[in-house]
Amino acid sequence: MTEGANTVTDGGDVPEIAVIPGDGIGQEVVPAAVDVLDAVGDYEFTEAEAGDATLDETGEALPAETYDLAASADATLFGAAGESAADVILPLREAVGSFVNIRPARAYPGVDALRPETDLVFLRENTEGVYAGHEDRLTDDVSTLTRVVTQSASRRLGQFACEFVEERGYDGFTVAHKANVMRETDGLFRDTVLAEAEAAGVDADTVLMDAFATHVCLDPEQFDVVVCPNLAGDVLSDLAAGLVGGLGLLPSANVGPERGLFEPVHGTAPDIAGDGVANPSATLLSAAMLVESLGDDEAGAQIRSAVESVLSDGPRTPDLGGEATTEDVTDAVLARL
Ligand code: NAI
Ligand code: MG
């Protein structure tokens, strides 16, 4: 890996990928993904620090040079941050200008899943809602949170959802909301996304997000693309992880207009960090989304198919009932590339 945040390749030949492993199992699964990326293409990797350990060492969870690197690199691969996660991942998503977080949740053949028929994609609003950062402690007794929903962010998400379903051949999408209670905020969200669908001629229906939680457990096949406000997308995608075999399987892409940040949905997994047994699949599948964002669909398909083949045939890490290490699984993926 090379050092420094100024080795940008805009307009050059080799895409620059910022690599931010972070804390815990981020330090185990991100190097695995770098090895896999190295095997499928020609990329320049620039590593940077963030997270709890960085906070301890430098006094900042997200140093300015890491933010600047993510803001300028062609794409960023991120692992996870611990207790400082909100101070790391929210600004990093902002650094790449991300307005949508794509979270596919799919059951894979050979993996023991509660609902093997699950095949969903969450499109999560990525800039506002209750994660907009307006939280106050007014008195010892009272704390408040201001939920922000804008027509502009909802419209941008709605437009993205329309393009997404058209490009990928889906019949339409479902908007998950709670506008029966949050009439102004989720009312604006729902109506704006639906208006974009109507303008684009895309089929869209709606579901109350609490009812969705039940329906998706009982019959996940009735959904495919689910458009959600920020917090709902965070919670419901973790719920879907439970249906398909766990957090070790869910990748995500934070998409911005010019660049993206790619990360597993999971966190630092302190219960297994350092044991070398984290499932690298979520991060490897995030790497597949990363190379696709750079226009290399072939490399993305290669990674995906190698990961799926290893999930089907083994070796498997303990979260999937196996005894393999992160390295065993990564080597098996590399051998199939
Ligand atoms: P977590 O996702 O780290 O772990 C939840 C459970 O899933 C644990 O039992 C863990 O062992 C398991 N798990 C997660 N990823 C796995 C993998 N790749 N292979 C095998 N098992 C895996 O969530 P938790 O425990 O709620 O949070 C731990 C820390 O991570 C917290 O400090 C939290 O703030 C942080 N976090 C950071 C995120 C980020 O940086 N984007 C996202 C979520 C949590
Ligand atoms: Mg989460």
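The values are calculated or read from the model by the stated rules, or taken from the named source; none is laboratory data. Just so you know, these numbers come straight off a predicted model, no measurement behind them. Note that we place each Cβ from the backbone using ideal geometry, even for glycine, and neighbour counts take in every protein chain shown. Keep in mind that these areas ignore ligands, DNA and RNA; they rest on the heavy atoms of the full protein, side chains included. Shrake-Rupley method; radii C 1.70, N 1.55, O 1.52, S 1.80 Å.
Per-residue answers, yes or no, for (1) more than 16 Å from ligand 2 (Cβ to nearest atom); (2) closer than 21 Å to Asp238 by Cβ; (3) not β-branched (Val, Ile, Thr):
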{"residue": "Ser252", "(1), (2), (3)": "no, yes, yes"}
{"residue": "Leu261", "(1), (2), (3)": "no, yes, yes"}
{"residue": "Val265", "(1), (2), (3)": "no, yes, no"}
{"residue": "Pro270", "(1), (2), (3)": "no, yes, yes"}
{"residue": "Thr283", "(1), (2), (3)": "no, yes, no"}
{"residue": "Ser293", "(1), (2), (3)": "yes, no, yes"}
{"residue": "Glu298", "(1), (2), (3)": "yes, no, yes"}
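Selection over segment 152-168 of residues that are open to solvent by less than 90 Å² (accessible area, probe 1.4 Å) and more than 20 Å from the chain's Cα centre (by Cα) gives a count of 1.
Filtered by the rule that a residue be surrounded by 15 or more Cβ atoms within 10 Å (Cβ to Cβ) and farther than 18 Å from Arg93 by Cβ, segment 55-68 gives a lone residue, Leu55. Of the strands (runs of 3 or more DSSP E) lying entirely inside segment 69-138, those carrying at least 1 residues that are farther than 21 Å from Gln27 by Cβ and at pLDDT 95 or above are 100-106, 119-125, 135-137. So Leu285 clears everything in (1) part of a helix (DSSP H, G or I); (2) open to solvent by less than 10 Å² (accessible area, probe 1.4 Å); (3) more than 13 Å from ligand 1 (Cβ to nearest atom); (4) touching a strand residue (DSSP E or B) at 6+ places or on another chain (Cβ under 6 Å) except one condition, right? Which one? Here Leu285 meets the rest and fails (3).
Please tell me if Thr139 is touching a strand residue (DSSP E or B) at 6+ places or on another chain (Cβ under 9 Å) and either within 30 Å of Arg183 (Cα to Cα) or aromatic (Phe, Trp, Tyr) (or both). Please lay out each step first, then the result.
Values: touching a strand residue (DSSP E or B) at 6+ places or on another chain (Cβ under 9 Å): no; either within 30 Å of Arg183 (Cα to Cα) or aromatic (Phe, Trp, Tyr) (or both): yes.
Spelling it out, it is not the case that Thr139 is touching a strand residue (DSSP E or B) at 6+ places or on another chain (Cβ under 9 Å) and either within 30 Å of Arg183 (Cα to Cα) or aromatic (Phe, Trp, Tyr) (or both).
Please work out if Phe262 is within 16 Å of ligand 1 (Cβ to nearest atom), surrounded by 19 or more Cβ atoms within 10 Å (Cβ to Cβ) and either among the polar types (S, T, N, Q) or in contact (Cβ under 8 Å) with a residue 24 or more places away in the chain (or both).
On the way: within 16 Å of ligand 1 (Cβ to nearest atom): yes; surrounded by 19 or more Cβ atoms within 10 Å (Cβ to Cβ): yes; either among the polar types (S, T, N, Q) or in contact (Cβ under 8 Å) with a residue 24 or more places away in the chain (or both): yes.
Considered against the rule, which asks whether it is within 16 Å of ligand 1 (Cβ to nearest atom), surrounded by 19 or more Cβ atoms within 10 Å (Cβ to Cβ) and either among the polar types (S, T, N, Q) or in contact (Cβ under 8 Å) with a residue 24 or more places away in the chain (or both), Phe262 comes out as yes.
Every condition in (1) under 23 Å from Gly248 (Cα atoms); (2) within 15 Å of ligand 1 (Cβ to nearest atom); (3) open to solvent by 10 Å² or more (accessible area, probe 1.4 Å); (4) in a helix (DSSP H, G or I) is met by Val29 except one, and the failing one is (3).
Here is a check on your reading of the model: is Asp52 more than 14 Å from ligand 1 (Cβ to nearest atom), surrounded by fewer than 22 Cβ atoms within 10 Å (Cβ to Cβ), on the phi < 0 side of the Ramachandran plot and over 18 Å from the mean Cα position of the chain (by Cα)?
Details: more than 14 Å from ligand 1 (Cβ to nearest atom): no; surrounded by fewer than 22 Cβ atoms within 10 Å (Cβ to Cβ): yes; on the phi < 0 side of the Ramachandran plot: yes; over 18 Å from the mean Cα position of the chain (by Cα): yes.
Taking the combined requirement at face value, the residue does not satisfy it.
Considering the conditions (1) on the phi < 0 side of the Ramachandran plot; (2) open to solvent by less than 30 Å² (accessible area, probe 1.4 Å); (3) more than 16 Å from ligand 1 (Cβ to nearest atom), Ala113 is excluded by exactly one of them, (3). Pairs meeting the criteria (first residue in segment 169-195 and without any contact (Cβ under 8 Å) to a residue 40 or more places away in the chain and open to solvent by less than 10 Å² (accessible area, probe 1.4 Å), second residue of a type outside the set (D, E, K, R) and part of a loop (DSSP other than H, G, I, E, B), beta carbons under 7 Å, at least 6 apart or on different chains) are Gly187/Ala179.
Open to solvent by 10 Å² or more (accessible area, probe 1.4 Å), of a type in the set (A, V, I, L, M) and within 27 Å of Tyr108 (Cα to Cα): does that describe Leu239?
Numbers: open to solvent by 10 Å² or more (accessible area, probe 1.4 Å): yes; of a type in the set (A, V, I, L, M): yes; within 27 Å of Tyr108 (Cα to Cα): yes.
Here the answer is yes, as Leu239 does meet what is asked.
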